[in-house]
1. Please state the charge dipole magnitude for the stretch 300-350, taken about the Cα centre, from unit charges on C-beta atoms (+1 on K and R, -1 on D and E), reported in debye and rounded to the nearest 20.
2. Quick one: which residues, 5+ away or cross-chain, put their amide H under 5 Å from the amide H of residue 278? H built at 1.01 Å from N.
3. Would you mind working out the magnitude of the charge dipole of the stretch 214-297 relative to its Cα centre, with +1 at each Lys and Arg C-beta and -1 at each Asp and Glu C-beta, to the nearest 20 Debye?
4. Which value, in debye to the nearest 20, describes the size of the charge dipole of the stretch 243-350 about its Cα centre when Lys and Arg Cβ atoms bear +1, Asp and Glu Cβ atoms bear -1, and nothing else is charged?
5. Excluding residue 53 itself, calculate the net charge of residues whose Cβ lies under 10 Å from the Cβ of residue 53, where each Lys or Arg counts +1 and each Asp or Glu counts -1.
6. Convert each backbone phi in the stretch 309-320 into a coupling constant with the Karplus relation 6.51 cos²θ - 1.76 cosθ + 1.60 (shift: θ = phi - 60°), then list the ³J(HN,Hα) values in order as whole Hz, x for Gly and Pro.
7. Quick query: amide H of residue 134 versus all other amide H atoms, modeled in the peptide plane; which residues come in under 5 Å with a sequence gap of 5 or more or a different chain?
8. Let me know the shape class of the stretch 1-67, please: from the alpha-carbon gyration tensor, a ≥ b ≥ c as square roots of the eigenvalues, rounded when a/c is under 1.5, otherwise prolate if a/b is greater than b/c, or oblate.
Amino acid sequence: EAVSLQDEYSQLVVEYLISEAAAGRTPNPDIMCNSRIKFGAFLDKVGRHFAAVASGHYARSTVPTPSCAMVLDTRATRSAQDRSAAYATAMVAAHGDASKTSVLRERELEARVGQDGSGVASAELPAPAQLLMSADPHKDQTYFLSQLRQDQLERVLFPIGHLPKSEVRALAEELQLPNRQRKDSQGICFLGQLNYDDFLRDHLGERPGPVFEFETKQVIGTHRGLWFHTVGQRRGLVPVLTNAFAAKGPWYVVKKDVENNALHVSREYTAADKSRNAFNANSLNWLSGNPPAADGEQIPLQVKVRHGAQMHDALVTVHEGGARVGVQLSSRDKGLAPGQFAAFYDGDVC
């Protein structure tokens, strides 16, 4: 069965992206796709028929393995026929021939058993469910899953999350899966081959404004719309600068002034006046259901502000019952922009 979620995707993800971009923020539609579509609208439509949903995301969880689950493709644009095979490596068979997944199934179960041979019974698992980083830090996708609710997380399986990507590739070859040579997916899932700037231009048009050099406040160019730029950006700035300044780069975006429709750039991105080592975050989604500390309390955590292996050590101060936090990083980040998501970690636990 192919379940169409095009309308839900347009309303819950695409409209979010356009709204955030128009407001001058940096959206992350992949995070919203997971929480609102793959483990939101999809579970709402078919969840009553299955105990859980298995996904090919590189992540782990403490949720016990149920007796049956449905395969979920982590790319939204594949055909129904391709979807059925794309994540055979993540399949947990409820019935029928499971021979092609038996090897992975055994290894998944082995990963849930400690080195001393002791099993992890469901009754012993911590409550609530926890989201854990994958065994492959470079492919870890917990950042993209950080907006899942507890009721979603407790019904999700990540059968390949305990494996490094190289081993998944080797298993795909061993099992002769039809998608074994498929390249890693990159970019925003629903755009495909469409250029992101072209997508924004189609929906938001252009709104030219001045480009200022951050240090001198001198006008050195004209941008075509703030939504085409994000803090930390280097590529794509030459066309918006006058010839006299374009050759003096590299230039970096350091600020977007939405009120005055102005873009601020600098050649001294690492200067002391651009600290990029502290920020405030609101609308927190604590996966456990509760913040890890009381109001005003400061706790040491690790934080990701984008997908990838890089993490910062940070001191996090809880405010307003966990609805807002202040974050002080131990090191400077390459670019902190309004609208970005921050995912907090205590060791492997997201």
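Derivation of every value follows stated rules applied to the coordinates shown; laboratory data play no part. Predicted model, so just to flag it, every value in this text is computed and none were measured. Every residue, glycine among them, receives a Cβ derived from its backbone with ideal geometry; neighbour counts consider all protein chains shown.
1. Numbers: 5 positive and 5 negative charges, 50 e Å.
Taking the Cα centre of the stretch 300-350 as origin, the dipole is about 240 debye.
2. When sequence neighbours closer than 5 places are left aside, the close amide H contacts are 329.
3. Working: 10 positive and 7 negative charges, 113 e Å.
Around 540 debye, computed over the stretch 214-297.
4. Working: 11 positive and 11 negative charges, 126 e Å.
Magnitude of the dipole: close to 600 debye.
5. Working: positive: 38, 155; negative: none.
Result for the local shell: +2.
6. Per-residue couplings from phi come out as 7, 5, 9, 10, 6, 8, 9, 10, 10, 8, 9, 6 Hz.
7. Amide H neighbours of residue 134, under 5 Å, 5+ apart: 60, 141, 142.
8. Values: a/c = 3.51, a/b = 1.71, b/c = 2.06.
In terms of gyration-tensor shape, oblate.
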